[in-house]
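Notes follow once the structure below has been shown.
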Amino acid sequence: MEDDIICTEKIIADRKTFFLDLKQNARGKVVRITEKVSSNRDRIMVPAEILDDFIAALEDIRETLKQQGE
């Protein structure tokens with residue numbers, strides 16, 4: 001079964017572009033995060049069932065940055 005993209009978001013920051021793709025394949029749903037710099041790409045896959053934990057961890061990091069005055 002080929003991967004099906006359900007939703008895509010794009011973030012551009014300086015010389016990097018991030019793609020966040022919600023995908024579904026034979027094993028379930030995942031969020032694929034791709035970082036593109038020039039012609040190089042790095043990817044991670046986050047299973048949809050742990051997405052809330054992943055977002056909570058990012059929010060904790062954001063709060064730490066705020067507390068440090070960043």
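The residues Thr64, Thr17, Thr34, sorted by heavy-atom accessible surface at 1.4 Å with ligands and nucleic acids left out, run Thr64, Thr17, Thr34 from largest to smallest.
Rolling a 1.4 angstrom probe over the chain with all protein chains present gives an accessible area of which 49% lies on carbon and sulfur atoms. The number of Lys pairs in the chain with C-alpha atoms less than 22 Å apart, excluding pairs fewer than 8 positions apart on the same chain, is 5. Given a 1.4 Å probe and the protein chains as shown, Arg41 ends up with an accessible area of around 120 Å². Using alpha carbon coordinates only, what is the Rg to Rh ratio of the chain, with Rh defined as the Kirkwood radius? Over the Cα atoms of the chain, Rg/Rh equals 1.05.
Ranked by solvent-accessible area (1.4 Å probe, protein heavy atoms only, all chains present), the residues Glu63, Glu35 order from largest to smallest as Glu63, Glu35.
Heavy-atom accessible area for Ile11, with the other protein chains in place and a 1.4 Å probe, reaches approximately 90 Å². For Asp4, the solvent-accessible surface computed with a 1.4 Å probe is close to 80 Å², ligands and nucleic acids excluded. Tell me the angle of helix 51-67 to the major Cα principal axis of the chain, expressed in degrees between 0 and 90 and rounded to the nearest ten. Roughly 20 degrees, rounded to the nearest 10. Dipole magnitude for the chain: about 340 debye, using +1 per Lys or Arg Cβ and -1 per Asp or Glu Cβ, origin at the Cα centre.
The 1.4 Å probe gives accessible areas that order Ile61, Ile33, largest first, as Ile61, Ile33.
The values are calculated or read from the model by the stated rules, or taken from the named source; none is laboratory data. Everything numeric here is computed off the predicted structure, so don't read it as measured data. Here Cβ is always computed from backbone atoms with ideal geometry, including for glycine, and neighbour counts include all displayed protein chains. We work out accessible area using only protein heavy atoms, side chains counted, and drop any ligands, DNA or RNA first. Shrake-Rupley method; radii C 1.70, N 1.55, O 1.52, S 1.80 Å.
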